[in-house]
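Here's the structure we're looking at; comments come further down.
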Amino acid sequence: MELVLDIISWIFLVTGCFFCLTGAVGLLRFPDFFSRIHAASITDTLGAGLILIGLMFQSGGWGLVMPKLVLILLFSLLASTTASHAIAKAALKSGLKPEVSSADEPSEGESSSKL
Amino acid sequence: MALSAEMMLILTMVVPLIAVGGIAAAHKYPNLREAVTITASLILIYLVSSLYGITKAGGVVSVQGAELFSDLALSFRIEPLGMIFSLVAGYLWLVTTIYAIGYMRGHHEKNQTRFYCCFAIAISSAMGIAYADNLFTLFIFYEVLTLSTYPLVTHAGTKEAKNGGRVYLGILLSTSVIFLLLGIISTWYVTGTLDFRAGGIFGEEHRKAAAILLPLFIFGIGKAAIMPFHRWLPSAMVAPTPVSALLHAVAVVKAGVFTVLKVCTYTFGIDLLVSLPTRDFLLYLGCASIILASLVAMRKDNLKARLAYSTVSQLSYITVGALLATGSGALGGAMHIATHAFGKITLFFCAGAIMVASHKTEISQMKGLGKHMPITMTAFFIGSLSIIGLPPCGGTWSKWYLMVGAADTGKWLVMAVLMVSSLLNIAYLLPIPLKAFLSEDGVEKDRSFQLKEAPLPCLIALCFTAFGCLVLFFYPQPLYEIARAFLEASGNYVR
Amino acid sequence: MNILGLYNYWIVVVLMLIGFYIVIAHENLIKKLVGLSIFQTSVFFFYISMGKITGATAPILDEKYELYSNPLPHVLILTAIVVGIATTALGLALVVRIQEAYGSIEERDIQEQDAHDQLECQLEAYGPSSMEISDEQEQDE
Amino acid sequence: MTTHLPILQVIIPLLAAPFCIFLRIPRLVGIFAILVSAAAFLVSCGLLQQVITAGTISYKLGGWPAPWGIEYRIDILNVYLLLLVSAMSTIVLVAAQTSIKKELPEDRHVFFYTSFLLCLTGLLGILATADAFNVFVFLEISALSTYTMIALGTDRRALTASYQYLIMGTIGATFIIIGVGLMYMMTGTLNMYDLAERLPEVNTSRTVLSAFGFFIVGVCLKLALFPLHLWLPNAYAFAPSIATAFLAATATKVAVYLLIRLVFSIFGIEFVVTVLPMQEIFMVLGLAGIFAASVSAIYQLNIKRLFAYSSVAQIGYMILGLAIGTKLGLVATLVHMFNHALMKAAVFLAIGGAVYRIHSAQLIHFAGLGRKMPLTMAAIVIGGLSLIGVPLTVGFVSKWYLVLALLENGWWPVAILVLMSSLLAVMYVWRTVEWIYFTPPRINIDDVTEAPLSQLIPIWILVLANIYFGLNTSLTVGLSKMAAESLYGIFGGVL
Amino acid sequence: MSDLFAVVMLSGIYSLISASLFLDLDAVDVAFTEASVGAGISTLLMLASLKLVSRYQKKTRYKPILAFFVVVTTGAMLIYGTLDMPHFGTADAPVHTHVAPRYLNESMGEIGVPNVVTSVLASYRGYDTLGETLVIFTAGIGVMALLMVSKQTKQESKKLIPADMQQQIILRIVAKMMIPLILMFALYVQFHGDYGPGGGFQAGVIFAAGIILYTMLFGLSTSQEVFKATTIELFTAAGVLLYGGVGVVCMLLGGNFLDYDFLKHDPVHGQHLGILLVELGVGITVASVMMIIFFKFTWRTVKHKYKK
């Protein structure tokens, strides 16, 4: 029984880390502010979420640690999504337009990310 | 009155301070203010003379004051040299006040209240110096005297007055703080005591320390105006004449040489002084300052400047007398304090009178003034005779003893210097009265209004001091008695 | 003398130097405050790394563990953190007031405006004409 | 009740400060502050009584014994400074009632009084504690409240001065905490006296050396010793006059106390003298501080900056006293700490009184004030004289002991330099005297009258104390000698 | 790095990373405080002051030589000092052998609180924490004195409704959900200090953060109805008085200042009560000071807007 729990938690942890990695790479590689904010929020929600679930399995038994981890998961999902929304909204309000498929209309490409 | 001697001694210092309160209170009514000063000076004269009577009768008066430091106290004791200085200061305060009333009114100077207050403080500190029984008390009153005379020097408030005041304070404070204070603290550290004791406190074992400390003390006493530190005297000429009279004759300068004499006799002791290696150097420095000051005085056309430089040279007489380290040398020095005081104050009163009456300050303008100001000019003549040291005036005795002292030590160079300087005195002092009486031209033509004598109070003061010079010559006995008592007190033999 | 065991102190020293450098070199007032907080944080690391024992756990008494790290540095650092935030808060309030008074938070502009005031009161004191009469008057900045 | 005196000394102002926020009404808070500070003064008198009869008192906070809990240990040195700080704060607070009305807007008075009480708590806390880290906490309290008080000044440059002091003060405090950390690391304890026992075994290691270095640099930054004094002139010049008077009189003295405690109680004089050339370093820095600060004081236009630079110079004297390393040198430093507090509080309060009337601290605006505000200006002059070290004032006593200590240690060239530096003091004090008395007014001060009575009384209490402690030095010198004995007693001093 | 906004954000991240490093060094309380105070409040205050100050730093040449020299000398002194230090993590260093063992061994018996840091913080060295509360109070007083806002600006600003926060619908709803939980978490941390990491400081800061979030989203004037600035000022003083009061009560009951044994008949209970009250005092002071500082900064922005 121990071994099974360990394997499942390990699977979750590895996938969580993989998502964090993709988020980080996305953060660096994406050309535009809004796509980068999208990549960053992936690490926040999916990456952290999976790691937390993996940890739940590690916590062993229904003691005090399990509910705490569940609460952390809920809060982090709630908070991080709102945060990225707020940042994106603030950027939009301060006049930063998202870069719309610059491939076909090269002319109006000047509005792309400056930040 | 049933005042005990100790009470009188304290009163000599307290009375002028009470007078300060009185003057400040009465600053709205000039006559009342002047009256307060005069009564105070009369009381002071009474106290000083009664103290003189007691000490002459052999009574020892001493007061142990407040315990200031761990075992340093404010203590006072009357000894003959202090008696001479306080007598001179007491009498001349009255005379200078009378003169100041005439001068200030004649010259309608402003803020006179400050003048009289500072004057009274200066006198009280002079008394303090006279009666101080240890170097510590003496230093305290020495500094109070410097500070109280500063407002007098910068009385006019003009730019020159301020510069004069700066030089005055700068030199006096720097010499006293750097050399004198260092000397006092070192003596305190080396010997453990600062009291004035017959025969000096430096025993044989402190010979090397004493050798170093002697120049510290001599240069430290800036008020004795030894050559390198004499600049403050000429620069203080900016002040009104009664102040110069105070500076030169009554308090400041006298305090300087008085301290030199006291330090040489009571701290170092005459016999130790003879053997100190640094003494010769200081002796020749004194002689140099006598000669140089007289030469500079000859070149000065301004009357007050000339008198100032003459004071510098006369002071060095007393310092040389002290450093000769013989009985008669110290005796001559002690007597010279009194005779020079009377002589020089007369000359300054005359200079002030000439300034008030004829607004003349340069000697070259004073040809033929004698006809218009006969009394002033005769007093000037008597004063200069006393300074030069010719018979009818007191100066002769003191110079005589100084000469004897120089002869005793066999230092022919000092004797030569004394001779030559007397000649120089004649050269720069006598021509003024002679030109005033004998030569004719230069006075009537350019003077529009009728020349008249100085105001009456000035004349009274003039005559009193001139008369004093004569008395000192014909009746020198009391002065001689005190000077001899000073020698016995300071533990040397008298030839 | 295996000095490798001292690596944590060298990290502290490097952090301290960075913080110190920012405070001294940079002219912007807020940057100075940030530098100051970095300088203080490095002191926190110094204290905490002093109290750590390898293989020990946090000083919360529990049956399962016996080896605990030293609690005293933690207490001292709790105080130091609060002192640091207090100084930063006061510094920021001062920066806000300086911005209102001087219009800029660059030390260079502030010094120019101060020197200007100094010159004004100097002219008033000695007046242009009498500048050379009075004794020489160099700025004491 | 009397067993709790040590903690009551700090707790009374500590709890009073937040209570001021509840009182809300400025006038009420002002009076409350005076009562609190007076209570603190009474407690320190009680402590003095206890320490003299029963020797060192120890108070365990929270009931835990020394190295584990925090301990208050009061000996002669602590009580001497507790007395000084609480007395100064009471007097300054009395003058604050009217003075801050003209310098601070109405709604900020409550916060000013609260910051004042917090600063007082911080200083008393540093003085009373025997725990190294506790010193840092209370140092930070007094520092933060000082930044607030300075920043409340009217001139906009007060803000930059406060900011600069904040940066340098925090760096200083952080250096101190690094020093404490290094010492804690090598000995494992924070109690000063426990440190003193455990340090000798490890004091050859380089960590303790750098701990000593950091602590010294941190304290010297707080002390405004010469190269680290850049924050002081601006901070004192643009702060409200009351804040300047209080800080000038106490803040730097507490830092000097920290230095003495560090050098004598924690590390011991042997370590300090042998391992590092601290004597030479302190002597050179002290002298450099004296001369540089005095020279720049001469050229100041703002009178507060002038006396702020003079504070830096006077601190140089204290450090010089420490540099001598003998018992008498320590006595000279302790005496000068007390005297300097008296002098500076009197001068800055008097300047506060003048600023209350003419709303400006520029020297030229003080021209001609001598006639309009005689009493306040007389206070500045007497304070100035005391700074110079004229006899009959407190400054003379500390200069006397400093020179005596220097001579005893054979450093006579340093003694001469110290005496020459007092000439620089003469120059900048006389520059103010010339402006105040001898120059016609620059701004119209016809309607200017004397400073209000509520400021004149504290000013003149301090001036009379300046003179009284100049005459009767039993309290100051007596206590300092006992303190020096106790400090040297532990380690059998170099002497 | 001419954009100060980036500088402030990076300093926030720096504090967060240092908090996690503290955690690794077994300093759980310190990590919690560093995260909440260092990353939370100080970044917040810097952003608030950035709103009032010009955001972009002028590119000015700064003087590196003097700074470099001073830094190198201090660095040399430090490196010189580290050579004789006990190695990192060794158990026999003097620090662990002299004073600390008593805290670890006897604190359970004497004070009965598992979290030794809280027991040392509140009881063994309780006076330090009182001093520290006073430091926070002094900073509060300083900011209040410096950033005073006159009465009439407060009245005028009531009419000013913060337009930009109106349409942040999502934020306001999420905030409505989050804020009560934040406040409750703060209280949890406050009273959980004895058993796990936590205590007065962290609780106070979290409580203040909750209120500040509310003020930012729903506008200053609305939050002023709930938390009037004048009452908060009184609370800053109340916390310190509570802490000092507990100490004085111990004195009246016969022990030394801050000696909690005398609070209850049984010393350990007394310690519990004492630590609880003291932590509450600290929590109140820290929360109200942080709130007051934020209010004063926002009043300043309102004052600027009102003046324009």
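Pairs meeting the criteria (first residue in the range E:286-306 and more than 11 Å from every other protein chain (Cβ to nearest Cβ) and assigned to a helix (DSSP H, G or I), second residue among the aromatic types (Phe, Trp, Tyr) and buried (at least 24 other Cβ atoms within 10 Å of the Cβ), beta carbons under 6 Å, at least 6 apart or on different chains) are E:ALA287/E:PHE207.
Could you check the range D:49-73 and list, in sequence order, the residues that are of a type in the set (A, V, I, L, M, F, W, C) and within 14 Å of chain E (Cβ to nearest Cβ)? D:ILE57, D:LEU61, D:TRP64, D:ALA66, D:TRP68, D:ILE70, listed by residue number. Within the range D:1-18, being in contact with a Phe, Trp or Tyr (Cβ under 8 Å, 6 or more places away or on another chain), within 7 Å of chain E (Cβ to nearest Cβ) and hydrophobic (A, V, I, L, M, F, W, C) holds for D:ILE7, D:ILE11. Might you let me know whether the range D:456-465 holds any residue that is more than 29 Å from D:LEU93 (Cβ to Cβ) and either hydrophobic (A, V, I, L, M, F, W, C) or within 13 Å of chain B (Cβ to nearest Cβ) (or both)? Taking every residue of the range D:456-465 in turn, none turns out to be more than 29 Å from D:LEU93 (Cβ to Cβ) and either hydrophobic (A, V, I, L, M, F, W, C) or within 13 Å of chain B (Cβ to nearest Cβ) (or both). Restricting attention to the range D:123-174, the residues that are closer than 24 Å to C:THR41 by Cβ, in contact with an Asp or Glu (Cβ under 8 Å, 6 or more places away or on another chain) and among the hydrophobic types (A, V, I, L, M, F, W, C) total 3.
Filter the range B:405-421 down to residues that are in contact with a Ser or Thr (Cβ under 6 Å, 6 or more places away or on another chain) and under 12 Å from B:THR326 (Cα atoms), then give me how many there are.
Total meeting the criteria: 3.
Quick grid of which residues meet (1) at pLDDT 90 or above; (2) closer than 23 Å to D:ILE467 by Cα:
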{"residue": "D:VAL263", "(1), (2)": "no, no"}
{"residue": "D:GLN279", "(1), (2)": "no, no"}
{"residue": "D:ALA297", "(1), (2)": "yes, no"}
{"residue": "D:ILE315", "(1), (2)": "yes, yes"}
{"residue": "D:MET318", "(1), (2)": "yes, yes"}
{"residue": "D:GLY325", "(1), (2)": "no, no"}
{"residue": "D:MET343", "(1), (2)": "yes, yes"}
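Applying a threshold of 8 Å to beta carbon distances and a minimum spacing of six or more residues, or different chains, the list of pairs starting in the range B:165-179 at a residue that is more than 16 Å from B:LEU152 (Cα to Cα) and ending at one that is outside any helix (DSSP H, G or I) and hydroxyl-bearing (Ser, Thr, Tyr) is empty.
Check the range D:147-156 and report whether any residue there is facing another protein chain (nearest Cβ under 9 Å) and surrounded by fewer than 24 Cβ atoms within 10 Å (Cβ to Cβ). The answer is yes; a qualifying residue exists.
Name the single residue that is farthest from the other protein chains (Cβ to nearest Cβ) among those in the range E:188-223 being more than 18 Å from the chain's Cα centre (by Cα), assigned to a helix (DSSP H, G or I) and in contact (Cβ under 8 Å) with a residue 60 or more places away in the chain. The selected residue is E:SER221. Each residue in the range E:79-99 was checked for being assigned to a helix (DSSP H, G or I) and either more than 7 Å from chain D (Cβ to nearest Cβ) or surrounded by fewer than 18 Cβ atoms within 10 Å (Cβ to Cβ) (or both), and 5 pass. In the range D:95-110 there is no residue matching the filter, namely being free of Cβ contacts under 8 Å to residues at least 24 places away in the same chain and within 18 Å of the chain's Cα centre (by Cα).
Filtering the range E:37-78 to residues that are at pLDDT below 85, assigned to a helix (DSSP H, G or I) and of a type in the set (Ser, Thr, Tyr) leaves only E:THR74. Scoring A:ALA39 on the criteria (1) closer than 26 Å to E:MET178 by Cα; (2) in a loop (DSSP other than H, G, I, E, B) leaves a single failure, condition (2).
Taking the listed residues C:ILE105, C:ILE85, the one that is facing another protein chain (nearest Cβ under 7 Å), under 25 Å from E:LEU44 (Cβ atoms), in contact (Cβ under 8 Å) with a residue 24 or more places away in the chain and touching a helix residue (DSSP H, G or I) at 6+ places or on another chain (Cβ under 6 Å) is C:ILE105, with no other qualifying.
Going by what's in this entry, would C:ALA58 be described as surrounded by 22 or more Cβ atoms within 10 Å (Cβ to Cβ), over 23 Å from E:LYS58 (Cβ atoms) and more than 8 Å from chain E (Cβ to nearest Cβ)?
No; evaluated as a whole, the condition is false for this residue.
Checked against the criteria, E:LEU4 counts as over 19 Å from C:TYR47 (Cα atoms), touching a Lys or Arg at 6+ places or on another chain (Cβ under 6 Å), surrounded by 14 or more Cβ atoms within 10 Å (Cβ to Cβ) and at pLDDT 85 or above.
Taken together, the criteria place D:GLU140 among residues that are of a type in the set (Asp, Glu), in contact with a helix residue (DSSP H, G or I) (Cβ under 9 Å, 6 or more places away or on another chain) and crowded, with 24+ Cβ neighbours inside 10 Å. Counting only residues that are free of Cβ contacts under 8 Å to residues at least 60 places away in the same chain and hydroxyl-bearing (Ser, Thr, Tyr), which one in the range E:1-49 is farthest from E:LYS303 (Cα to Cα)? Looking at residues that are free of Cβ contacts under 8 Å to residues at least 60 places away in the same chain and hydroxyl-bearing (Ser, Thr, Tyr), I get E:SER20. Report, by residue number, each residue of the range C:30-70 that is in contact with a Ser or Thr (Cβ under 9 Å, 6 or more places away or on another chain), assigned to a helix (DSSP H, G or I) and at pLDDT below 90. Across the range C:30-70, the qualifying residue is only C:GLY51. Do we find that E:SER11 is within 14 Å of chain D (Cβ to nearest Cβ), at pLDDT 80 or above and either surrounded by fewer than 17 Cβ atoms within 10 Å (Cβ to Cβ) or under 30 Å from the mean Cα position of the chain (by Cα) (or both) in this structure? Taking the combined requirement at face value, the residue does not satisfy it.
What do you reckon, is E:GLY255 within 11 Å of chain D (Cβ to nearest Cβ), buried (at least 18 other Cβ atoms within 10 Å of the Cβ) and part of a loop (DSSP other than H, G, I, E, B)? For E:GLY255, the condition - within 11 Å of chain D (Cβ to nearest Cβ), buried (at least 18 other Cβ atoms within 10 Å of the Cβ) and part of a loop (DSSP other than H, G, I, E, B) - is met. Among the conditions (1) more than 10 Å from every other protein chain (Cβ to nearest Cβ); (2) surrounded by fewer than 24 Cβ atoms within 10 Å (Cβ to Cβ); (3) of a type outside the set (Asp, Glu), the only one that D:SER205 does not satisfy is (1).
Restricting attention to the range E:100-119, and to residues there that are more than 7 Å from every other protein chain (Cβ to nearest Cβ) and among the β-branched types (Val, Ile, Thr), which single residue is surrounded by the fewest Cβ atoms within 10 Å (Cβ to Cβ)? By that ranking, first place goes to E:VAL113. The set of residues in the range A:17-59 that are among the aromatic types (Phe, Trp, Tyr) and over 9 Å from the mean Cα position of the chain (by Cα) comprises A:PHE18, A:PHE30, A:PHE33, A:PHE34, A:PHE57. Of the residues in the range A:61-68, not one is over 21 Å from E:LEU181 (Cβ atoms), loosely packed, with under 14 Cβ neighbours inside 10 Å and touching an Asp or Glu at 6+ places or on another chain (Cβ under 8 Å). Within the range D:406-435, the set of residues being more than 10 Å from every other protein chain (Cβ to nearest Cβ), surrounded by 23 or more Cβ atoms within 10 Å (Cβ to Cβ) and among the aliphatic types (A, V, I, L, M) comprises just one member, D:VAL429.
The values are calculated or read from the model by the stated rules, or taken from the named source; none is laboratory data. Just so you know, these numbers come straight off a predicted model, no measurement behind them. FYI the Cβ positions are ideal-geometry reconstructions off the backbone, even for glycines, and counts take in every protein chain you see.
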